[in-house]
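Below you'll find the structure, written out as structure tokens, and then a few comments.
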Amino acid sequence: MRSLIENHVDDFLEILTYEKRFWKDFWENLPFKPITENYASSFSNFFERLLNISRNELTEFSHDYETKKESLKEELSIRIRQHARDLELSKEDFVVYLIAGLGEKDWIVVDGKKEKVIVFDVFSLWRKGKFDNLPDAVYQAAVHFRHGENEGNYYDKSEIFSYLKDEISRLNGTDILQKVCELLDRNVPYYNWTGFYLMDEEGMLVLGPYVGEPTEHVRIAVGKGICGQAAETKLTFVVQDVTQETNYLSCSPHVKSEIVVPIFRNDGSVFGEIDIDSHYKAPFDERDREFLEWIAQQLRVKVVHFQEFNRRIKIAYLDSYVSYLLSEIVKYEIPMSVDLFIYYEPEKVPENLYKFWRIARKLPNAYVGKVVVVDSVEDQKVVITSTHGEYTLTYEALNLSASDIVYKMIRETTPYISKTLFEIHQNATRFAQSFVNTSLITEYVLKPESDINKTFYAFLTGITAGYSGSFNRAMFFYHRNGNFVFQKAIGPRTLEEAQELWEAIEDVELNMTDFLETVSKDFKSEIEMLYKAKAIPAKILNEFLDGEPHIVNRNILPTVADDFDITNEFAIMALKSGDSIVGLLLADNNFDQKSITDYQLSVLQNLGNLMVLVIENRRFLETLKERAEIDALTELKSRRAFEEFISNIHPNQSFSIVFLDLNKFKVINDTQGHEKGDEILRVWGKCVNNSIRKDDIAFRYGGDEVVLILNTLEKSDIEKVVHRIEECFRNSTSLTFSSGVSFYPSEGDIQHVLRLADERCYRSKLFGKIEFPSQK
């Protein structure tokens, strides 16, 4: 058998052994006339173009060719001879010459001595980066030669199909089948008729959308022709030469080959078919089969079962947390593409994937990029792409809860997206915090040991705390005899006190749980001393007594503003049970001068409504309970509690002891009486309790002596606590105290360390400063 492919690349590369000025002579003396002459005549200014070839580039090609030529040698011939019948090789009317030519045109058909010669320029293919595709390119040239074409360039099927897969995955709407036809017709050179046949209720294949010449075969019975056989057997039919097929319905004399792929429903029945006619013989290979079967798989979601998928998208309800996140994301105006990789059985698709599908449809700044049907349940995923990066949620991630998905994205996305999500999540948490606080307070109120005084302060703390309502001040009034009588309040009394409080917040990390666990049931706020016994006539608030929160400018209610030192706007809410008014809440931003926000009003309303329930259910039935470990006068922990503490110290525990002692307290008792002394001690206890941190403990050791157990060994932390006590006590009484510090266990056992603190406290009286252990 004669050689179908003659490889003369090495012969042509001999040109590299010549100086460029001799390249024309080299070419003219090549022993392949008339092939080389006819090839050269196919180009204008051939020899000028030849001399413009870069020697370095041609040399680089020669090196690549040398390393790969043996592996490609056998494959070149096999690829064509596999289709010997379809390409009519028995005619022996053509041969393929492999050369290193100008590098401009992949192949040209010229006359040889006895037959046509397909001159294939391997150098041209190499320059396109497709050298490894040489067997495919040579076969493609043979196919087009048989179609009557005399020249051409290689087109990479794999690239075309990859591009088309991407385009098809982006299609949506009711005309997807027509769009698929148009895409294939525009982009695949040998797809000369592309269309769909759809199975009707009578079991006939009915012509659907198509691109190409009109056909008379608008209805085809199952089993008739290539289409009918594919529907009957449920198999893909690839016919490289329709003249060899006995059961063939001719559509056009131009059709030389055909491929038909069934489209299935999920129950295995045939929904329809993709039908491709080609004017070329033997143009199809496994890549065509895989590509068209891939399209058929995509259509199971996009067309066949789309109604069911669409139904599930619509019922993929978004909870309040997700809804809030989305409403906030819109404000950032970040455009997002959402690509969905989905299994074709709708019941096996994670609920969260449907939610992302719905979100991408509805969110103004998002859109569905691609919908790709995958072959495995575990291959399902969502890919979110924005200008700030790409993030993939795997099948495993899609089965997490919404909060876990957000947490995962915050940890793993790009810094900007992570920061944005965290900010939104933080705001969502703030809004949810009021509900959390009401829940915590409710749980506390239902406990047998709950205390009404502590409960009301918890409400006011929820209104003012930075982790909740963030008002500067909050006040509660009882409704009695047509007046709102002031009862309780939380917040600073002056701007200076507010600034000190804000500084103190750095050292005190509180939430509602901390408050309920750490604050004494007998806690009282110092601000209450300013407004004790004051009242607001209910009649001047008539327009605000509907049970809703209202923002009121001080000019609207000047007497209220003056009585309670309100400098700007404030919020009020009548606490109503049915038609009965039981109390009033008043809150303001007196010191930071910030405008009252909708969020703050929401917190006020939520906590206010719960306060109504508490008032109605308890109505001050709670009586104060003294526990043995609380000193009745100072409200500090007692000496008995201190003894119990030191007897239960954990072996690995470390802390500092601060011994405090009032200066000249005996003089006050002797000159002003014990009643005045008790008053001083009460203030002393309040200042201590209000100044220590949540992890610290304060004990009344005896008389005017106080022992602090501070959960720190840092000198600066200790100084902060002592200075806060000092500031509070000096402002309230103009008195001072002495303080000595020791460290446990570094300075010995607990009794020794306590004695050292006492001794240093005595030394403090002499020098007027906090006495720490001396530095060695």
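What does the C-alpha gyration tensor say about the overall shape of the chain? Classify as rounded when a/c is under 1.5, otherwise prolate if a/b is larger than b/c, or oblate.
prolate
For segment 158-304, the residue among Leu292, Gly225, Ser252 whose Cα projects farthest onto the positive side of the dipole built from Cβ charges is Leu292.
Its Cα centre serving as origin, the chain has a Cβ charge dipole (Lys and Arg +1, Asp and Glu -1) of approximately 1740 debye. Estimated purely from DSSP H runs of n ≥ 4, each contributing -39500 (n - 2.57), the mean residue ellipticity at 222 nm for the chain is -13000 deg cm²/dmol once divided by its residues. Treating the angle as unsigned and between 0 and 90°, give the value, to the nearest 10°, between the Cα long axis of helix 715-733 and the longest Cα principal axis of the chain. Roughly 40 degrees, rounded to the nearest 10. Based on the alpha-carbon gyration tensor of segment 639-767 and its eigenvalue square roots a ≥ b ≥ c, which shape applies: rounded if a/c is under 1.5, prolate if not and a/b is larger than b/c, or oblate? Prolate, since a/c reaches 1.5 and a/b exceeds b/c. This ranking places Tyr391, Tyr248 by how few other beta-carbon atoms lie within 10 Å of each, fewest first, which gives Tyr248, Tyr391. About its Cα centre, the dipole of segment 202-299 is roughly 100 debye, where the only charges are +1 on Lys and Arg Cβ and -1 on Asp and Glu Cβ.
Basic side chains Lys and Arg get +1 at the Cβ, acidic Asp and Glu get -1 at the Cβ, and with that the dipole of segment 122-161 about its Cα centre reaches some 60 debye. In whole angstrom, note down how far apart the Cα centers of segment 218-252 and segment 682-707 are. Centre-to-centre distance over Cα atoms comes out at 96 Å. Taken over segment 5-154, the percentage of Cα pairs per 5 Å bin, counting from 0 up to the bin with the maximum distance, is 2, 9, 20, 23, 21, 15, 7, 3, 1, 0.
Which entries in the list Lys666/Lys769; Lys532/Lys769; Lys105/Lys157; Lys524/Lys676; Lys666/Lys715; Lys20/Lys68 go over 28 Å, if you measure between the two C-alpha atoms of each? Beyond 28 Å between Cα atoms: Lys532/Lys769; Lys666/Lys715. Farthest towards the positive end of the charge dipole of the chain, among the residues Met611, Ala282, Pro651, is the Cα of Met611, using unit charges on the Cβ of Lys, Arg, Asp and Glu. As I understand it, the dipole of the chain uses +1 on the Cβ of Lys and Arg and -1 on the Cβ of Asp and Glu, about the Cα centre. Which of Ile581, Thr385, Thr464 lies farthest toward its positive end? Result: Ile581. Sorted from greatest to least, the principal axis extents spanned by the alpha carbons of segment 308-362 come out as 35, 23, 14 Å. Among the cysteines of the chain, Cys181, Cys227, Cys251, Cys761 have no other cysteine beta carbon within less than 4.7 Å of their own. Listed cross-link partners Lys488/Lys576; Lys234/Lys302; Lys165/Lys302 are compared with a 25 Å cut-off, the Cα-Cα value being larger for no pair. Highest mean first, the peptides 267-276, 135-144, 708-717 sorted by other C-beta atoms within 10 Å per residue fall in the order 135-144, 267-276, 708-717. The alpha carbon centroids of segment 1-63 and segment 724-776 are separated by 100 Å. Residues Asp285, Asp563, Asp704, ranked from the fewest to the most other C-beta atoms within 10 Å, line up as Asp563, Asp285, Asp704.
Where a number appears in this text, it was derived from the coordinates with a stated rule and is not lab data. From a predicted model like this one, the values you see are computed outputs, not experimental measurements. So basically every Cβ, Gly included, is an ideal-geometry build from the backbone, and we count neighbours across all protein chains shown.
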